[in-house]
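For reference, the structure discussed in these notes is given below.
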Amino acid sequence: MATLSTRTHDAPIARKKKSKMNAPAIILLAPAVLLLLSVTLYPFLYLLYTSFFSQNLMNPSAKAWIGFGNYAALFKDADVIRGFTNTLVFAFGAVGIQMILGTLIALILDKDLPGMKAITIMMLIPMSITPIVGALTWKYLLTPPFGWVGYYLQKLGIIDQPIVFLGSGFSAMMSMIALDVWNWTPFVALILLAGLKSRPHDQLEAASIDGARRYQVFIYITLPFLKRFILIAVVLRLIEAFKNFTGVFGLTNGGPGNSTLLASLVVYRKALESFQIGYAAAIAFIFLILLSIITTPLIGRLQKEITND
Amino acid sequence: MKKNLFTSITWLVIAVLTITLLSACTSRNEGSSNSSADSASSGTDGEGSGTKVLNLLYTTNEANVEAIKSVLPDYEQKTGIRVELTSAPYTNLQQKVFQELANKSAHYDLMVIDTPWMADLTDKLLPITEFLEDPEVAATIELEDFIPKVFYDTTVYNPSKPWLHASEMDKVDLQDIKSQGFEIYGLPIQSNVLTMPYRKDLFDKPENRQAFKEQYGRELEPPVTWDEFLEVAQFFTRPNEQLWGTTLMPGVGDWGADDLKTFVAAWGGDGLLINDKLEPTYDTPETIEALTYYNDLINKHQVVPPGTSTFSWTEAGTAFGSGLTAMTMNYFTQTLTSNVEGGIIDYAMVPGNIIDGRLVQGPHFGTWNLSINKFSGNHKEAFDFVAWVTSSEVQQKMLQKQLHPTRISVYEVAQADPALTERFNNFYKTLGDSLAIGVGRPRTSNAEEIWRAVATGLNNIVTGKGTIEENLASSKKQVITLLEQAGYKPGQQ
């Protein structure tokens, strides 16, 4: 009873103490929190708000509330549908290949062989090239008759006629994926290499003593250990691949026809070429929702991995 | 005790931060006041020397910025007014112009405007008709010296119905323009039109001339009709020698539409593609014929380099410049890379077709207008500069930096100048002649999207996605949707 009485008595004091202690902390944190909200929550809400208006930047006075009008229109817009579909194909295709190649490269670079440091540094070059420069260079490399790729494939007798890589929907999409893979596989390899370097050596030694084969070591020790690094790479790369703009803008500009149109390019054209800011906001909002649906479970899984550790 | 000390220090920190923030806000307010003061005195430089300054927003290569730069010191010397030039490439320029004007910014007094943007800008740029009516100005400006087609297409707009074209006269007539309810929104500074650069060295080569005569029974000359064009292109197409007849630009972008409208006009169709009632006019038998010919050049006769379906201005220029084609079509003078030994370039007009006994041509043209920002505080000074820089005398000086003039008299001077003829052969004659018969663009808002919809249809045709008829119908439908999205009612007057 006495205990109960004490507890009942102490509770308000504890709450008071707690709130007294928290007040300065809250005030000190407030500017940072406000800043964070102003650059994240406010743009998000403004995007949502704008998406309910018919608004053209060149004629701001004609802004009109149209409710879900922009959303109704975008689901009927063939370019938007194609943009979203292509974005899914591009993002999953590019990131999938990057993960496989990145893992292989990381495993090779993890070997204690001569020249690996130099190779690691050279491997980072594509990442350091400005994306638009990379895209335009690739465009020239792939465009016959002056593109080197077709020229050398012909010289080597691999093909008879020049291939117009950017001339069909399928090969243009493959070219865009190849450009992204070239650009960002080193990034994936670097993350996974960091993971490999931090593997516990005692487990590897124990496996070796027990006579485990290489593939068994990879499947039962390396891969589970790399899981969280793989998740980090997948999340970061998926987000970036979904937002890819420079690659498509510089390499195909959505062509041939509209066959490589990505959602980011649709938003750009609506917002910055036609200045239909309300419609562009609605597309961007749906894009954001789609990206959240895809990445949220991955981030949850990553947090779980870290917590389990 | 320790806790009290901690609390006191925390509050002290908060107090200091608050005071700092407040003082920062005060300073910022003061800063804002200064900034206002600055903008009130805009038009003079910041050193207090009293030199008047005009800010000019200009493009880069598209309208030969070097030509403008070359004469600015002369203007400062003549008037004491310094013109500060900011240049940006096409897309950036468009965004900057639109952003500045949408914000009603007074910073740029003068802006160079591409004609497709005008539909959105007539209420944001200053009509200069009143300035031009001033007797003193009228006596010196020589409006009739401007190429009429260029002048009417570039600068004459109806303020309340900017999609309309004024009826053109043989000479620029200010009173007629006013009586039609139109205003003048600047003066044309650079006129670009499709010409046909070709490899003169290949055309002049005796072996080629003889072989061509044997094969076609006539002399090898720059083609005048599209039938001749096909023969010449086929003659020069020698893939084993890495040589093809011509370039085309059916890649996805406005260049595809520029190609298309040139061909449609030559087959007797409406080269504008959209009429003044804002109805697409290119779903016609003439367009089908023109597109059949165009598609055949690429896919049937294969007189273009492989990969042409992705070509824009850049790739077309590179292919011709590298010596891969005998002919091309472009706005600008071309150069050959050093590996093209003995290469000489000359220029001819883009071919046409004989219709009812008359040669019908309609090369696409796109001109640049030097306009005055309505929100600028220096209207009169800005107008004086526009009048000066577009004058015959100044345009003649800018010829040395390859300005594409907008005045008849300057073309006469250019053709008589041996130094220019030696450098560019027939370029200026071809340019002047082509401008006189060129076809401009429709005047719609969201022109960029409309043009891309047209070009996408063309690209689909040459890459084999659907028939010509299917793509024309689909492109037309898309253009109507885009026009409606822009607030137009196709069919309206």
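Summary of computed values
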| quantity | calculated |
| --- | --- |
| Angle in degrees between helix B:2-40 and the longest Cα principal axis of chain B, rounded to the nearest 10 | 60 |
| Cβ-based charge dipole, chain A, positive-most Cα from A:Ile132, A:Val248, A:Met58 | A:Met58 |
| Fraction of antiparallel bridges per DSSP, chain B only, in percent to nearest 5 | 65 |
| MRE, 222 nm, helices only [DSSP H, n ≥ 4, -39500 (n - 2.57), over chain A, to nearest 500] | -24000 deg cm²/dmol |
| Cβ-based exposure ranking for B:Lys149, B:Lys161, in which fewest neighbours within 10 Å come first | B:Lys161, B:Lys149 |
| Built amide H within the under 5 Å cut-off of B:Ile189, gap 5+ | B:Trp368, B:Asn369, B:Leu370 |
| Ratio Rg/Rh, restricted to the protein assembly as shown and using Cα atoms, in which Rh is the Kirkwood radius | 1.05 |
| Virtual spin-label span in nm between A:Ile129 and A:Glu240, 7 Å along Cα→Cβ | 1.5 |
| Top of A:Leu204, A:Leu288, A:Leu47 by mean-square fluctuation, Gaussian network on chain A, Cα under 10 Å | A:Leu204 |
| Chain A: DSSP helices with Cα axial extent of at least 15 Å and average Kyte-Doolittle hydropathy no lower than 0.0 | A:2-39, A:78-110, A:131-142, A:169-197, A:223-242, A:277-308 |
| Tilt relative to chain B, helix B:285-295 - C-alpha long axis, 0 to 90 degrees, to 10 | 90 |
| Cα-centred dipole magnitude for chain B, charges only on beta-carbon of K, R (+1) and D, E (-1), debye, nearest 20 | 1720 |
| Antiparallel bridges, percent of DSSP beta bridges restricted to the protein assembly as shown (to nearest 5) | 70 |
| 10 °C / 1.306 mPa s Stokes-Einstein diffusion coefficient of segment A:78-308, Kirkwood radius on C-alpha pairs, µm²/s | 80 |
| Dipole of segment B:346-493, positive direction: furthest Cα of B:Gln396, B:Gly466, B:Phe383, with charges on the beta-carbon | B:Gly466 |
| Theoretical FRET efficiency, 1/(1+(r/R0)^6), r = Cβ-Cβ of A:Glu305 and A:Met116, R0 30 Å, to 0.05 | 0.60 |
| 3J(HN,Hα) from dihedral phi, segment B:198-205, Karplus parametrisation 6.51/-1.76/1.60, rounded to Hz, x for glycine, proline | 9, 7, 4, 5, 6, 5, 8, 4 |
| Sum of -39500 (n - 2.57) over DSSP H runs of 4+, divided by residues of chain B (222 nm, nearest 500) | -14500 deg cm²/dmol |
| Lys, Arg +1 and Asp, Glu -1 on Cβ, resulting dipole of the protein assembly as shown about Cα centre, debye, nearest 20 | 5080 |
| Per-residue Cβ neighbour rank within 10 angstrom, fewest leading, B:Val410, B:Val340 | B:Val340, B:Val410 |
| Whole-number Å³ per residue for the convex hull built on Cα positions in segment B:69-202 | 178 |
| Point-to-point label distance, B:Thr337-A:Tyr152, nm (Cα→Cβ direction, 7 Å offset) | 1.6 |
| Protection proxy ranking, peptides A:269-276, B:303-310, average beta carbon neighbours within 10 Å, highest first | B:303-310, A:269-276 |
| Packing-based ranking, highest mean first, of B:333-339, B:467-473 given that Cβ atoms within 10 Å are counted | B:467-473, B:333-339 |
| Inter-chain shielding of B:441-453 (mean C-beta neighbours from other protein chains, 10 Å cut-off) | 3 |
| Dipole in debye (nearest 20) - segment A:78-308, about Cα centre, beta carbon charges: Lys, Arg +1; Asp, Glu -1 | 140 |
| Solution diffusion estimate, µm²/s, Stokes-Einstein, chain B, Kirkwood Rh from C-alpha pairs, 25 °C, viscosity 0.890 mPa s | 98 |
| Proxy reagent accessibility, fewest Cβ within 10 Å first, across B:His107, B:His379 | B:His107, B:His379 |
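Read-outs throughout are calculated quantities, based only on the coordinates presented, and are distinct from any laboratory measurement. None of the values given here were measured: they were computed from a predicted structure. All Cβ positions, glycine included, derive from the backbone under ideal geometry; neighbour counts span all protein chains shown.
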